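The block underneath contains the structure these notes are about, expressed in structure tokens.
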Amino acid sequence: MTGAGRIERLALPGVLTAEEAARTAAGIAAVQRADGAIPWFRGHHLDPWDHVEAAMALDAAGEHERARAAYRWLAWHQNPDGSWYAAYADGAADEPTDRAKETNFVAYVAVGVWHHYLSTGDDAFLDGMWPTVYAAVEYVLTFQQPGGQIGWKAEEDGSRRTEALLTGSSSIHHALRCALAIAEHREEPQPDWELALGLLGHAIRHHPERFLDKSRYSMDWYYPVLGGAVTGVAAKERIEERWDDFVVPGLGVRCVVPNPWVTGGESCELALALWAMGESDRAVDVLRWIGHLRAEDGMYWTGYVFEDEAVWPQELTTWTAGSLLLAVAALGGDEATTAVFGGERLPAGLEPECPCGMEA
């Protein structure tokens, strides 16, 4: 589909017109450096996860060469062990500002690469990025604990945090599914990855005690659904259970309770999770609510403190705009985005035998 056709698909009544969608995509593109890096905004840092999300949004808008440049940046600047650092000053690869290595940041390249391939059908790109994806996944899986959960990160001194974050592990669950899809497409089976994915999914679904308690954060609420580990009736029950805790009708989704702060990224990600559950009407409602975060240049403020009626922080972030475009793309039926976030055709991994007695 041409860029113009993709932009038309990003029109969603009450949320975006095609012209507004094009303006948002242009806003992300304006932040991208000549070497492909996409920081949060110019002068701030790049982190690998949000860099990928912004690149995926560019693909959804038909900006395939820009997205390709973003993935080339990752390939060129991957550490020898398969990782990336957690943050780089303004996207400058030679200026890491946080030398920790967060596992969910490292894994997410697989989601973006598979999305780009599905957007373009570019086999040469997929072949070229396979070593990058493979090395990233192999690095991340060295952090997997016996219970299936993935340790959080490596510190700057090389020491490892074995504690696991539910949101991060759920994102890695999604990334492993996309990595396995790439492997299957290339006819290069990865049985160890399938086992790891099955163990991880089981831990997310049935063993909350294996993760740090971050239940104050909305991401821990919806990410097991968004990452594809929790589906069907269980997904709907999970979302309903804490809907009133996190959702502020008319404004969006709280980042953390009880703070009176709604954020665009969390709102758009919840909308994606709702769409994946088959609740498109509620997803559209959430996206409509965050129209108050849209700036004149088509970008989106990170958040809004509703008790003070104040935008905070004063940041227009590429990843907030990117999450909005991806949610709209899914609702509009963009094939690559629905395939990546819908998950019906993504590998599910091998179910483990667990003495807990719960079905995987």
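We did not get these values from a lab; they are worked out from the coordinates using the rules stated. Owing to the predicted nature of the structure, the values given are computational and were not obtained by experimental measurement. Every residue, glycine among them, receives a Cβ derived from its backbone with ideal geometry; neighbour counts consider all protein chains shown.
Applying the set (1) without any contact (Cβ under 8 Å) to a residue 24 or more places away in the chain; (2) in contact with a strand residue (DSSP E or B) (Cβ under 9 Å, 6 or more places away or on another chain); (3) hydrophobic (A, V, I, L, M, F, W, C) to Val284 leaves exactly one unmet item: (1). Within the stretch 204-253, if we keep just the residues that are over 30 Å from Arg294 (Cα atoms) and not in a helix (DSSP H, G or I), the residue that is nearest to the chain's Cα centre (by Cα) turns out to be Ala229.
Residue-wise test of (1) closer than 21 Å to Gly333 by Cα; (2) in contact with a helix residue (DSSP H, G or I) (Cβ under 9 Å, 6 or more places away or on another chain); (3) touching a residue at least 24 places away in the same chain (Cβ under 8 Å).
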| site | (1), (2), (3) |
| --- | --- |
| Ala235 | no, yes, yes |
| Glu241 | no, yes, no |
| Val248 | no, yes, yes |
| Val257 | no, yes, yes |
| Trp261 | no, no, yes |
| Cys268 | yes, yes, yes |
| Trp275 | yes, yes, yes |
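The single condition among (1) assigned to a helix (DSSP H, G or I); (2) within 20 Å of Trp130 (Cα to Cα) that Asp81 does not satisfy is (1). Residue count for the stretch 251-268 satisfying the condition of being of a type outside the set (A, V, I, L, M), out of contact with any strand residue (DSSP E or B) (no Cβ under 7 Å at 6 or more places or on another chain) and surrounded by fewer than 24 Cβ atoms within 10 Å (Cβ to Cβ): 2. Of all residues in the stretch 4-16, those satisfying the criterion of being surrounded by 15 or more Cβ atoms within 10 Å (Cβ to Cβ) and not basic (Lys, Arg) are Ile7, Glu8, Leu10, Ala11, Leu12, Val15, Leu16. Selection of the stretch 153-172 for residues being assigned to a strand (DSSP E or B) and of a type outside the set (D, E, K, R) yields Ala154, Thr162, Ala164.
Val286 satisfies every condition listed in (1) assigned to a helix (DSSP H, G or I); (2) under 18 Å from Gly27 (Cα atoms); (3) within 22 Å of the chain's Cα centre (by Cα) except (2).
Could you tell me whether any residue of the stretch 49-59 is of a type in the set (A, V, I, L, M), more than 19 Å from Gly128 (Cβ to Cβ) and in contact with a Gly (Cβ under 8 Å, 6 or more places away or on another chain)? Yes. If you go through the stretch 45-81, how many residues are over 15 Å from the mean Cα position of the chain (by Cα), crowded, with 24+ Cβ neighbours inside 10 Å and within 17 Å of Val140 (Cβ to Cβ)? Number of matching residues: 1. Restricting attention to the stretch 38-68, the residues that are among the aliphatic types (A, V, I, L, M), more than 18 Å from Ala110 (Cβ to Cβ) and touching an Asp or Glu at 6+ places or on another chain (Cβ under 8 Å) total 1.
Residue count for the stretch 187-209 satisfying the condition of being among the small types (Gly, Ala, Ser) and more than 11 Å from Leu176 (Cα to Cα): 1. Looking only at residues in the stretch 84-141 that are assigned to a loop (DSSP other than H, G, I, E, B) and touching a helix residue (DSSP H, G or I) at 6+ places or on another chain (Cβ under 9 Å), the one that is nearest to Ile28 (Cα to Cα) is Gly91. Within the stretch 64-76, residues that are closer than 18 Å to Ile7 by Cβ reach partners that are aliphatic (A, V, I, L, M) and surrounded by 19 or more Cβ atoms within 10 Å (Cβ to Cβ) with beta carbons closer than 6 Å, at six or more positions or on different chains, in the pairs Arg66/Leu58; Ala67/Ala55; Ala67/Leu58. With respect to the stated conditions, Gly151 fails to be under 21 Å from Ala60 (Cβ atoms) and of a type outside the set (Phe, Trp, Tyr). Summed over the stretch 111-135, the residues that are within 20 Å of the chain's Cα centre (by Cα) and closer than 25 Å to Asp334 by Cβ give a count of 15. Just one of the numbered conditions (1) touching a strand residue (DSSP E or B) at 6+ places or on another chain (Cβ under 6 Å); (2) on the phi > 0 side of the Ramachandran plot; (3) in contact (Cβ under 8 Å) with a residue 60 or more places away in the chain is not true of Tyr300: (2). Name the single residue that is farthest from Phe105 (Cα to Cα) among those in the stretch 166-181 being touching a residue at least 60 places away in the same chain (Cβ under 8 Å) and in contact with an Asp or Glu (Cβ under 8 Å, 6 or more places away or on another chain). Per the stated criteria, the residue is Leu180.
Output yes when any residue across the stretch 229-250 is at positive phi and surrounded by 15 or more Cβ atoms within 10 Å (Cβ to Cβ), and no when none is. Looking for residues that are at positive phi and surrounded by 15 or more Cβ atoms within 10 Å (Cβ to Cβ), one finds none in the stretch 229-250, hence no.
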